[in-house]
1. Provide the per-residue ³J(HN,Hα) series for region 236-245, in order, calculated from phi with Karplus coefficients 6.51, -1.76, 1.60 and θ = phi - 60°, each as a whole number of Hz, with x at glycine and proline positions.
2. Along the Cα→Cβ direction, 7 angstrom out, place labels at Thr308 and Asp104. What is the inter-label distance in nm?
3. What full-extension length gain, to one decimal in nm, is calculated for Asn137 and Asp66 as 0.36 nm per residue of separation minus the Cα-Cα distance?
4. Which cross-chain or sequence-distant (5 or more) residues have an amide H under 5 Å from the amide H of Met314, H modelled 1.01 Å from N in plane?
5. Starting from the amide H of Ile136, placed 1.01 Å from N in the peptide plane, find each other amide H under 5 Å away whose residue is 5 or more places distant or on another chain.
6. In whole Hz, with x marking every Gly and Pro, tabulate ³J(HN,Hα) for region 47-54 from phi via Karplus 6.51 cos²θ - 1.76 cosθ + 1.60, θ = phi - 60°.
7. Between Asp104 and residues 5 or more places away or on another chain, which pairs have amide H atoms under 5 Å apart, with H built 1.01 Å from N, and which residues are they?
8. Distance check, please: which entries in Lys208/Lys239; Lys208/Lys405; Lys298/Lys330; Lys87/Lys197; Lys154/Lys188; Lys154/Lys195 exceed 23 angstrom between their Cα atoms?
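Rule-based calculations on the coordinates, nothing more; no lab input. All values reported here derive from a predicted model rather than from experimental measurement. Note that we place each Cβ from the backbone using ideal geometry, even for glycine, and neighbour counts take in every protein chain shown.
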Amino acid sequence: MKLFHAADIHLGRRRLDGRLPDNDIVAAFRFIAEEAIREKANVFLLAGDLFDRPQVEPPHLRQAQDVLRRLKSAGIPVIAIEGNHDKQFVNTDAPTWVRFLADDDLVMLLRPEFHAEGVRLDEWNTESRTGAWVEINGVRFVGAGYLGAATPNKVRQIIDQMPTGKTQVLLLHAGPEYFVGEGGGFSKEDLQLLKEKVCYLALGHIHKPMLYGGWACNPGSPENCDLREAGYSHGKDGKPVGRGYAVLEIDPSRPDQPLALEIRSNPRRPCLRVELDCTAFGSKTKNGADAFMAAAVKAIKQVNPDKTAVIELMLTGSLNLNRIALDLNKAALEIAEQAGVFGVAIDTTRLNIGNGFAAAGAAGADLLPRDELERQAILQLVDEQPLWGLTEERQAFADLFYELKELVRGGQTGETIASQIGLSPLIEKVRAASATPPPALAPQDSAESVAPTEEVQ
């Protein structure tokens, strides 16, 4: 039995301020589907985040329908789960557009039901088009979707309800805790429990490809949802690695693990990282901004990129911004045009600006990029109001507040803003922190407060 496994398609993803066409993403999805048809796959697995947002625009819905109809016409059933981007909120049964596709008989959306007494795994019902598992050619497929911070506990509940001695595939939108970096990761102990019941663990959520033990796999995102993801296509040694979709073969009579498993790469828009040391373009340089632009164009041309390529321009070194005013968005457009590439994104995270912020704030704040000034101001406000159990998320909160402010500034609807809040992994962290009360204060005659007994995860 041959299976194709894809995840994190993210149809409708807005990249590089809308400068990158969303056709890139559907092209990657279509390629994988056509390969499944060509190789006569028995089942196609979609492990979450088919869409980038819960509010799907008509063009992106049609993109999904067109690809899924091709698979249906070829007689390949599509088994899907919902990712965090597909759902408005984690703990809700509100209909999603993946649910719509299931009602349209294009996918089998598997979803367990959790109640106070535990989880219920119902068999797929062809009339209601609901259920948690379906059996095809002697293999049982169980879908769990995105479970948020409760992933470890809920996965254990699912494991308890799965039969032994049967060849089973579990679809889960999650990753190892060391990979996820947020609530909702699972441990090595959880993996061992899964191995006792699962022949193949089909993962999504983590855009970086991952293979574990020949039986657990995350194929990685088929297209770069963020330019930084381009680095996921290469290992630590710099050699290319498979990323985009997984192909595996299962023997229904062998419940231990797949007979064969590999991650393959699909064509995607070329994306290159170019580093530029900005130390020479400081305040002592006449026409420093022009010199920076010329150096950036030269550095990009030296790598001889394809005209369809996107360049992630990583700025390094030190730069005194007192006398250099750069509109980074405008600069990126001009650099791309002069370098003859499709697009440029400028990354300043590794740029040491020295005393630039302080000096400019005192002598002429307008010389600094507006977004940098605002981000610093928001971060300062967050630092002034620490939240119990969330002190390590200061930068994430500041980033979220800035994104929301930009949405308001851009005249976005309340629905769009609410959607952005719902997509943030901070939501689950806030809920987890809220579930654990802060330490009680010591009596007023004591100068110290009681330390928390447990670390909030």
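1. 4, 7, x, 7, x, 10, x, 7, x, 7
2. 2.7
3. Details: separation 71, 0.36 × 71 = 25.56 nm, distance 2.62 nm.
Taking Asn137 through Asp66 to full extension adds about 22.9 nm, to one decimal.
4. Val274, Glu275, Leu276, Asp347
5. So Ile136 has HN proximity to Phe141.
6. 8, x, 6, 5, 10, 7, 9, x
7. Amide H neighbours of Asp104: none.
8. With Cα atoms farther than 23 Å apart: Lys208/Lys405; Lys87/Lys197.
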